[in-house]
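Engineer: Pasting a structure below so you can have a look.
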Amino acid sequence: MANDDPNPYFRDAAPAPEPDESAGVEEIGTAGCWRLVEAHSLGRLAIQTLDGHPDVFPLNYLVHEGNLYMRSAPGSKLRSLIAHPQVALEVDGMDDGFYWSVVMKGTATRLNTDAAIEASGILDLVSSSPTAKHNYVRLVPETITGRRFAVRDQNSETMEHHPATAQHGNAAGAHTMPRIRTPHRTADKPQPIPHLRPWGNG
C-alpha cells in the first residue's frame, strides 16, 4: 500500500508533536510510524510464553491493509501466540542521522483459510531464517508509537585527561588516561509517549 494512500491507517490524529528539546527525544506521529514500519521488513516480536515468561523473536513481516503478517514454524512460539494473542512488535533503525524505534501492540491470530492467506500476500514474504515456515499469523494493531533522537557525533565528545597529566604537563611520552565525558542527564527517565490507535481515533 502506498504511503500516501487516503486510508485512515496512515493519518495522524493531530499534527506531529514538537520535539522535546530538553530530553533530545522526538515523538513520531502515527503516519510517520507506519511509513517506517512499511519501509522495513525485520522486527522483534515480544510474546508471553506458555509458562508465563516473556520472550522476543526476530522475524520478517509484511504490511498489508493496516495489518502485519508473519510466517511461523510449528513450535513453542506458535503455541504461545495461540494461548496469549496479545503481543508487541518493535522495529528500529537509523535514517537521516536519527536513531528511531517504533512499537506496535495488538492481537495475533493464525490464518486458517487459503483465501485469507492468499489475500494477505504473505506467501510472497521470504524469511531470513532457513527453517520452513508454513504457518501464517496476522497482527491486528491496536496502538502504534514511536520516537527518535539524533545520532551523537562520537568525535565531538569532550575527552578529559587524568588529573596527574595536568600536574606533570603533557610531555612527549607521558601516560594519559582519557575519560569520555558522561552525557548530560536532563531527567531521571524519558517522558512517556502517549499511545495512539493507528487509525487516529485516539
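The values are calculated or read from the model by the stated rules, or taken from the named source; none is laboratory data. Model, not experiment: these values are computed from the prediction. FYI the Cβ positions are ideal-geometry reconstructions off the backbone, even for glycines, and counts take in every protein chain you see. Heavy atoms of the whole protein, side chains included, go into the accessibility calculation; ligands, DNA and RNA do not. Shrake-Rupley method; radii C 1.70, N 1.55, O 1.52, S 1.80 Å.
Engineer: Among the residues of region 74-101, count how many are of a type in the set (Gly, Ala, Ser) and free of Cβ contacts under 8 Å to residues at least 12 places away in the same chain.
Structural biologist: Number of matching residues: 1.
Engineer: Can I ask one more? From the residues in region 70-107 that are of a type in the set (Lys, Arg) and assigned to a strand (DSSP E or B), which one is least open to solvent (accessible area, probe 1.4 Å)?
Structural biologist: Step by step, filter region 70-107, then rank; the result is Arg71.
Rundown of residues vs (1) at pLDDT 95 or above; (2) of a type in the set (Gly, Ala, Ser), yes/no style:
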| residue | (1), (2) |
| --- | --- |
| Glu26 | no, no |
| Arg44 | yes, no |
| Gly66 | no, yes |
| Gly75 | no, yes |
| Arg79 | no, no |
| Ala88 | yes, yes |
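Engineer: From the list Arg148, Arg71, Arg138, pick out the single residue that is touching a residue at least 40 places away in the same chain (Cβ under 8 Å) and within 16 Å of the chain's Cα centre (by Cα).
Structural biologist: It is Arg148.
Engineer: Right, next: Out of region 126-135, which residues are farther than 15 Å from Leu68 by Cα and either among the acidic types (Asp, Glu) or in contact (Cβ under 8 Å) with a residue 12 or more places away in the chain (or both)?
Structural biologist: Those that are farther than 15 Å from Leu68 by Cα and either among the acidic types (Asp, Glu) or in contact (Cβ under 8 Å) with a residue 12 or more places away in the chain (or both): Ser128, Ser129, Thr131, Ala132, Lys133, His134.
Engineer: Do the conditions hold for Thr131, that is, is it surrounded by fewer than 18 Cβ atoms within 10 Å (Cβ to Cβ), at pLDDT below 95 and either out of contact with any Leu (no Cβ under 8 Å at 6 or more places or on another chain) or not basic (Lys, Arg) (or both)?
Structural biologist: yes
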